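Sharing a structure below in structure tokens format, with a few things to ask.
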Amino acid sequence: MSTATANDPKPAQPPVETLRIKIDGREVEVPKLMPDASGRLQPTTMLQACAVAGIEVPHYCYHPKLPVAGNCRMCLIEFGTPMIGPDRKPVLNEDGTPKIARSVLPYEPTTPRGAIACATPISPGMELYPGSAATRQMRESVLESLLINHPLDCPICDQAGECKLQEYSVEHGQATSRFVETKVHKPKQVDLGPRIMLDDERCVLCTRCIRFTRDIVGDDALGIVNRGSYNTIAAYPGAKFDNNYTLNTVDLCPVGALTSKDFRFQMRVWFMKETRSLCTGCATGCNILIGSREEKVLRYEPRQNDAVNACWMCDTGRLNYKWIGREDRLIEVRSFRSGARSWSGTLHEVAESLKTAAPGSVAIIASARQSNEELYLLKKLATHLGAVTDSIAREGEGDKLLVNEDRNPNSNGARLTGIAFTEMGIQVPKIADGIRAGRIRTLIVFGEDVTRHGIDAELLGKLQTLIVSDILPNETTRRAHYLLPGCAHAEKRGTFVNAKGRLQRFLKAVEPRGDARPEAEFLQELLADLGIAGGTASPTSFEGLFNQMAREIPAFAGLEWSRIGDLGVNVPI
Amino acid sequence: MTFTVPPELEAELNELVTHYPQKRSASLMFLHAIQEHFGHISPEAVDYIARKLDLKPINVWELVTFYPMFRQHPAGRFQFKVCRTLSCALGGSHKLYHHLCEKFGLDPHQHGLQTTADGRFSVEFVECLASCGTAPVMMCNEEFHQGVSNEKADSIIAQCPSK
């Protein structure tokens with residue numbers, strides 16, 4: 001939950017008022033008020049107090065980012081409060097400690113009465129018993145009740161391995177079912193929307209999906225229809241659950257009811273490797289986990305970062321991974337001049353060609369989809385060659401939640417490294433003019449199809465040398481004299497700076513195919529061949545490259561790769 | 001069939017909204033008024049209510065599917081509601097229900113409201129009609145009948161006008 005990072009400014013806060021309570025006999029001091037789902041301070045709940053004490057209370061419907069519903073009852077715990085005598089004074093034990101009255105049923109004083117920890121505030125002197133026998137019995141009963149109509153077909157359920165029902169059954173479940181009647185059958189394979197499939201029989205009616213789409217997205221599309229044991233989650237008949245955030249309900253669903261049409265039955269989740277990365281769909285920079293197996297990316301999932309995307313990401317971003325495994329990826333390094341097919345040969349030819357280029361005759365168009373490290377190296381190259389540089393702006397429609405109008409993941413990185421100006425793309429028409437007039441004879445393009453951005457195929461034909469690095473083929477790569485296949489972000493490490501100036505890192509999930517190599521790697525070799533300081537014939541560690549960049553770029557001053565952490569740091573933009 | 005709300009009903013609905021601090025609170029009263037006027041609650045009616053109360057249709061649909069008293073299809077012209085709560089159950093309401101079903105050619109084992117093919121009669125079980133001392137009791141439309149034997153039921157049916 002904590003998102004505090006090294007350089008987050010700490011506003012001066014008044015001292016936090018605390019309460020002393022006991023949790024399973026241990027004295028704990030917890031804040032009197034804690035933020036609720038909307039961030040407003042509210043009386044601390046039992047569940048929050050237990051979390052402060054490092055004790056997890058099992059739950060289904062509670063989610064720290066959603067309004068409390070209190071309907072699953074899984075978080076029931078036994079508790080007690082200090083007894084008050086008729087004189088309104090605390091009743092004391094013989095040893096002088098306050099006497100605690102355990103909460104019991106009013107008509108059955110020997111039976112403990114639990115409270116739902118997610119919605120019950122704590123009070124001074126309260127005692128919570130999350131580890132008591134009574135609490136355990138309450139959990140077992142709730143779980144047994146939830147499993148009454150739940151199909152027990154875990155081996156063929158797509159949620160298996162990341163199912164809360166399974167996890168809590170291990171801790172609180174029973175080996176056999178006492179239920180002998182016929183289970184209620186509900187609709188299966190309900191086509192809830194273009195990306196979501198619903199299995200109503202697996203649903204435990206926690207209403208997380210309903211609350212998410214109503215309160216976070218503002219699209220009140222889901223509800224519970226029918227009643228009693230026939231309760232089912234549904235969209236209005238004929239209506240589709242179709243907003244740009246529907247797939248978050250799949251993450252939220254604690255069981256196998258809501259599944260992603262894209263991912264369902266693609267892979268058993270325990271076989272997958274999870275890699276911390278970033279979404280490249282826009283400048284928001286949502287934190288993600290890449291799920292992959294055998295060098296194949298299978299899904300993106302949001303990773304919690306309260307400074308960026310909370311627990312969510314948009315559907316567009318989440319499904320934007322298929323291009324990484326496309327069959328037509330560029331996987332061969334080529335010099336179309338000499339026919340060289342090796343990195344060393346091709347890079348050497350590129351270096352030789354750049355050595356002979358007249359000052360001012362080279363232009364570089366890099367992409368704001370590239371990492372800071374790559375852009376930093378390209379800027380070094382540009383400075384050495386006296387080349388004009390720019391990047392391509394990519395605009396779209398934004399929304400109030402996460403989608404940014406800027407569709408480049410690293411526009412601010414391109415600006416901070418000096419590749420682009422505040423108004424991105426302002427130099428591109430000048431570069432086009434320069435080629436037309438014959439002043440610019442060499443063009444270096446990274447990750448962009450310039451034929452779609454004002455430098456058409458005919459203009460490219462006028463160049464003496466066209467050096468292109470890209471991931472997928474396009475009209476620009478087809479006209480390259482030197483083609484250097486690069487890597488998708490999932491295939492390398494790097495950092496982006498998002499729209500709000502948060503520098504975040506992404507890690508490598510899968511190996512690139514064929515000759516494709518991380519751009520930072522071969523750029524370092526090229527710089528070494530050209531004798532530029534900072535280049536090195538065999539790339540030093542990636543961490544070293546980042547730290548070197550941090551020393552040279554003022555906005556990154558004081559940063560080190562090892563200190564960015566999983567949640568990133570803010571840099572001045 | 002197009003769904004049009006006559007001005008009198010619309011005025012009644014507008015007045016209902018004023019009873020509550022929030023528009024949404026009028027949903028149930030809207031459903032009652034609409035069902036009373038149209039005989040059932042059609043999808044068009046759900047859309048209409050949602051629009052009128054600034055809700056999404058699913059919010060209204062939840063209520064319609066929750067309460068058995070709201071009908072999604074028209075009922076017969078004469079609607080028999082047989083009480084099945086304890087006193088009436090002991091007093092023979094199941095026998096009465098079976099009798100009615102057999103008389104109308106309906107399946108006594110089916111759950112919920114059933115209507116004859118000609119649309120004249122509907123039969124359904126309901127919960128307590130608040131006359132436990134005179135069980136079994138039933139209602140035919142808005143008329144209340146107590147101590148209903150099979151013979152009494154037959155004569156009530158016979159009195160239903162054919163037109």
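Where a number appears in this text, it was derived from the coordinates with a stated rule and is not lab data. All values reported here derive from a predicted model rather than from experimental measurement. When we count neighbours, we look across all protein chains shown, and the Cβ atoms used for this are built from the backbone with ideal geometry, even at glycine.
Which ones in the stretch A:325-364 are part of a strand (DSSP E or B) and β-branched (Val, Ile, Thr)?
We begin by selecting, within the stretch A:325-364, every residue part of a strand (DSSP E or B); these are A:334-335, A:362-364.
Residues satisfying the conditions are A:Val362, A:Ile364.
Taking A:Leu472 and the conditions (1) more than 22 Å from A:Phe546 (Cα to Cα); (2) buried (at least 20 other Cβ atoms within 10 Å of the Cβ); (3) in contact with a Phe, Trp or Tyr (Cβ under 8 Å, 6 or more places away or on another chain), which numbered condition does it fall short on, given that it satisfies the others?
(2)
Just need a number here: residues in the stretch B:47-87 that are among the hydroxyl-bearing types (Ser, Thr, Tyr), within 27 Å of B:Val137 (Cβ to Cβ) and within 14 Å of chain A (Cβ to nearest Cβ). Walk me through it before giving the result.
If we filter the stretch B:47-87 for residues that are among the hydroxyl-bearing types (Ser, Thr, Tyr), which is where we start, we get B:48, B:65, B:67, B:85, B:87.
Then keep just the ones that are within 27 Å of B:Val137 (Cβ to Cβ); that gives B:67, B:85, B:87.
Applying the additional criterion that residues be within 14 Å of chain A (Cβ to nearest Cβ) yields B:67.
Number satisfying all stated conditions: 1.
Let me ask something else. Name every residue in the stretch A:177-210 that is in contact with a Ser or Thr (Cβ under 9 Å, 6 or more places away or on another chain) and touching a residue at least 60 places away in the same chain (Cβ under 8 Å), in order of residue number.
A:Leu192, A:Pro194, A:Arg195, A:Ile196, A:Met197, A:Leu198, A:Asp199, A:Leu205, A:Arg208
A follow-up question, please. Could you check, for the stretch B:75-86, whether at least one of its residues is farther than 23 Å from B:Glu124 by Cβ and in contact with a helix residue (DSSP H, G or I) (Cβ under 9 Å, 6 or more places away or on another chain)? Reasoning before the result, please.
In the first step, residues of the stretch B:75-86 are kept if they are farther than 23 Å from B:Glu124 by Cβ; the result is none.
No: zero hits.
Scan B:Leu86, B:Leu96 and give me the residue that is under 17 Å from B:Ala153 (Cα atoms) and out of contact with any Phe, Trp or Tyr (no Cβ under 6 Å at 6 or more places or on another chain). Spell out the reasoning first.
Working: B:Leu86 fails: under 17 Å from B:Ala153 (Cα atoms).
Step by step, each of B:Leu86, B:Leu96 is checked, and only B:Leu96 is under 17 Å from B:Ala153 (Cα atoms) and out of contact with any Phe, Trp or Tyr (no Cβ under 6 Å at 6 or more places or on another chain).
Conditions tested, residue by residue: (1) out of contact with any helix residue (DSSP H, G or I) (no Cβ under 9 Å at 6 or more places or on another chain); (2) buried (at least 17 other Cβ atoms within 10 Å of the Cβ); (3) without any contact (Cβ under 8 Å) to a residue 60 or more places away in the chain.
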| position | (1), (2), (3) |
| --- | --- |
| A:Pro130 | no, yes, no |
| A:Glu140 | no, no, yes |
| A:Leu143 | no, yes, no |
| A:Asn149 | no, yes, no |
| A:Leu152 | yes, no, yes |
| A:Lys164 | yes, yes, no |
| A:Glu167 | yes, no, yes |
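A follow-up question, please. Scan the stretch A:219-242 and report the pairs whose first residue is facing chain B (nearest Cβ under 7 Å) and whose second residue is surrounded by fewer than 22 Cβ atoms within 10 Å (Cβ to Cβ) and among the aromatic types (Phe, Trp, Tyr), with Cβ atoms within less than 8 Å and a gap of 6+ or a chain change.
Cβ pairs passing all conditions: A:Val225/B:Phe66; A:Asn226/B:Phe66; A:Arg227/B:Phe66.
If you take the residues in the stretch B:105-122 that are touching a strand residue (DSSP E or B) at 6+ places or on another chain (Cβ under 9 Å) and hydrophobic (A, V, I, L, M, F, W, C), which one is nearest to B:Lys81 (Cα to Cα)?
B:Leu113
I've got another one for you. What is the residue count in the stretch A:365-389 for residues that are in a strand (DSSP E or B) and surrounded by fewer than 24 Cβ atoms within 10 Å (Cβ to Cβ)? Let's see the steps before the verdict.
First, pick out the residues of the stretch A:365-389 that are in a strand (DSSP E or B): A:365, A:388-389.
Next, from what is left, pick out any that are surrounded by fewer than 24 Cβ atoms within 10 Å (Cβ to Cβ): A:388.
Here the count works out to 1.
Also, I was wondering about something else. Looking only at the stretch A:174-197, count every residue that is assigned to a loop (DSSP other than H, G, I, E, B) and within 14 Å of chain B (Cβ to nearest Cβ) and tell me the total. Spell out the reasoning first.
Filtering the stretch A:174-197 down to residues assigned to a loop (DSSP other than H, G, I, E, B) leaves A:174-189, A:194-195.
Cutting the leftovers down to within 14 Å of chain B (Cβ to nearest Cβ) gives us A:184, A:186-187.
Qualifying residue count for the region: 3.
For A:Asp251, only one of the following conditions fails: (1) of a type outside the set (A, V, I, L, M, F, W, C); (2) part of a strand (DSSP E or B); (3) more than 14 Å from chain B (Cβ to nearest Cβ). What is its number?
Result: A:Asp251 passes all but (2).
Among the residues of the stretch A:198-221 satisfying the criterion of being assigned to a loop (DSSP other than H, G, I, E, B) and either out of contact with any helix residue (DSSP H, G or I) (no Cβ under 6 Å at 6 or more places or on another chain) or hydrophobic (A, V, I, L, M, F, W, C) (or both), which is nearest to A:Leu401 (Cα to Cα)? Steps first, answer last, please.
Narrowing the stretch A:198-221 to residues assigned to a loop (DSSP other than H, G, I, E, B): A:199, A:203-207, A:218-221.
Filter again for either out of contact with any helix residue (DSSP H, G or I) (no Cβ under 6 Å at 6 or more places or on another chain) or hydrophobic (A, V, I, L, M, F, W, C) (or both), leaving A:199, A:203-207, A:218, A:221.
Values: A:Asp199: 28, A:Cys203: 27, A:Val204: 28, A:Leu205: 26, A:Cys206: 23, A:Thr207: 21, A:Gly218: 10, A:Ala221: 17 Å.
Step by step, filter the stretch A:198-221, then rank; the result is A:Gly218.
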